[in-house]
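See below for the structure under consideration.
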Amino acid sequence: MRKVLAINYSQTGQLSRILQSISHPISQSEQIEFEVIHVEPAIPFPFPWPFLQFFRIFPETVVMQPIDLKPIKTQHEQYDLIILSYQVWFLSPSLPIASFLQSQQATSLFADTPVVTVIGCRGMWLMAQEKVKAQLQQLQAKLLDNVVLSDDCGAFFSFLATPMWMLTGNKKPLRWVPAAGVAEQDIIESKRFGIAIKERLEKDKTPIEQSMLRGLSAVTINEKLIASEKMANHSFSIWSKILRKIGPQQSTRRALGLIVYVTFLLILILTVVPISALIKKLISPFTKNKIVEQKKYYAEPSGE
């Protein structure tokens with residue numbers, strides 16, 4: 001009997017639905033024992049988020065500072081495959097998942113184990129996946145595939161829609177803004193990944209060593225966001241250090257620092273980002289080969 005473990009943390013429930021769609025074919029197999037564990041913080045994060053609280057966790061999320069989690073018990077100590085599903089917070093894996101990956105339990109579970117990562121996000125996930133890759137490498141796990149489902153309303157509208165969803169709990173609080181979140185059809189069609197995984201586990205009893213999802217459009221790389229993500233990630237790293245030095249998470253000093261940071265972030269988005277986008281467009285004929293290489297790198301291991 002093959003054993004598959006899925007690890008999940010979903011604040012809104014969207015990622016859980018994505019995981020359910022992908023894992024349904026696997027869970028129906030008589031040759032596979034499928035198990036899901038849900039990572040839960042000892043002190044739950046709110047949803048919807050109070051505005052300031054959403055930003056208070058920004059510095060700790062960026063540096064992946066572990067938080068206390070509720071105890072998790074798995075049925076087995078080793079698995080043939082682990083499916084790790086996570087959200088992206090501030091270009092990093094969500095803090096509960098980042099904390100679990102740094103736990104002693106993860107050290108034993110992931111060692112020498114094939115892993116498929118599943119991401120549900122607004123659209124910017126490259127830097128978060130790089131951080132997860134680094135954690136999996138430290139755990140001596142084998143990342144074989146990556147699946148990404150992102151918002152379908154476009155970069156501009158998702159910039160408005162997703163924060164509104166996080167702060168109000170409503171996916172469509174304004175009529176003129178498209179609904180936030182991954183399209184329902186995309187969630188339904190993600191079942192194809194589970195079918196491919198199920199077939200590989202059933203037909204070949206040898207350890208999984210190669211991608212199972214190539215040719216299934218598991219990820220789509222938006223080359224326009226590569227440079228923006230790198231720039232934003234660098235800025236996040238600097239500001240996270242500053243804010244942590246200013247004061248503890250719930251302090252008034254941290255709150256004042258966050259007001260300055262949010263103001264800086266809005267100015268950056270309204271000025272620097274459009275200018276950098278224009279510059280990238282102008283020099284794109286000279287950077288075409290580099291962009292192709294970058295897209296290929298970030299698309300691995302499943303490919304576009």
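The values are calculated or read from the model by the stated rules, or taken from the named source; none is laboratory data. Predicted model only: the values in this text are computed from it and were never measured. Ideal geometry is used to build each Cβ from the backbone, glycine not excepted, and the neighbour counts take in all protein chains shown.
One table, with the values for the structure above:
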quantity: Residue count, region 241-258 (criterion: surrounded by 12 or more Cβ atoms within 10 Å (Cβ to Cβ) and either more than 25 Å from the chain's Cα centre (by Cα) or at positive phi (or both)); calculated: 8
quantity: Every residue from region 195-222 that is farther than 30 Å from Gln294 by Cα, without any contact (Cβ under 8 Å) to a residue 60 or more places away in the chain and surrounded by 13 or more Cβ atoms within 10 Å (Cβ to Cβ); calculated: Glu199
quantity: Extreme residue, nearest to Gln20 (Cα to Cα), among residues of region 170-195 that are of a type in the set (A, V, I, L, M, F, W, C) and in contact with a strand residue (DSSP E or B) (Cβ under 9 Å, 6 or more places away or on another chain); calculated: Ile187
quantity: Cβ-Cβ under 8 Å pairs, at least 6 apart or on other chains, region 238-259 side closer than 15 Å to Gln65 by Cβ, far side surrounded by fewer than 12 Cβ atoms within 10 Å (Cβ to Cβ) and not basic (Lys, Arg); calculated: Arg254/Pro248
quantity: 2 or more residues touching a Leu at 6+ places or on another chain (Cβ under 8 Å) and small (Gly, Ala, Ser): qualifying helices (runs of 4 or more DSSP H) within region 210-304; calculated: 223-246, 252-267
quantity: Test result for Glu202, assigned to a helix (DSSP H, G or I) and either touching a Cys at 6+ places or on another chain (Cβ under 6 Å) or within 27 Å of Pro114 (Cβ to Cβ) (or both); calculated: yes
quantity: Residue check, Pro207 of a type outside the set (Ser, Thr, Tyr) and within 25 Å of the chain's Cα centre (by Cα); calculated: no
quantity: Within region 20-65, considering residues that are acidic (Asp, Glu) and assigned to a loop (DSSP other than H, G, I, E, B), the one surrounded by the most Cβ atoms within 10 Å (Cβ to Cβ); calculated: Glu40
quantity: Residue under evaluation Ile283, criteria (1) without any contact (Cβ under 8 Å) to a residue 24 or more places away in the chain; (2) closer than 18 Å to Asn222 by Cβ; (3) surrounded by 13 or more Cβ atoms within 10 Å (Cβ to Cβ), criterion not met; calculated: (3)
quantity: Residue check, Phe193 of a type in the set (Phe, Trp, Tyr) and at pLDDT below 95; calculated: no
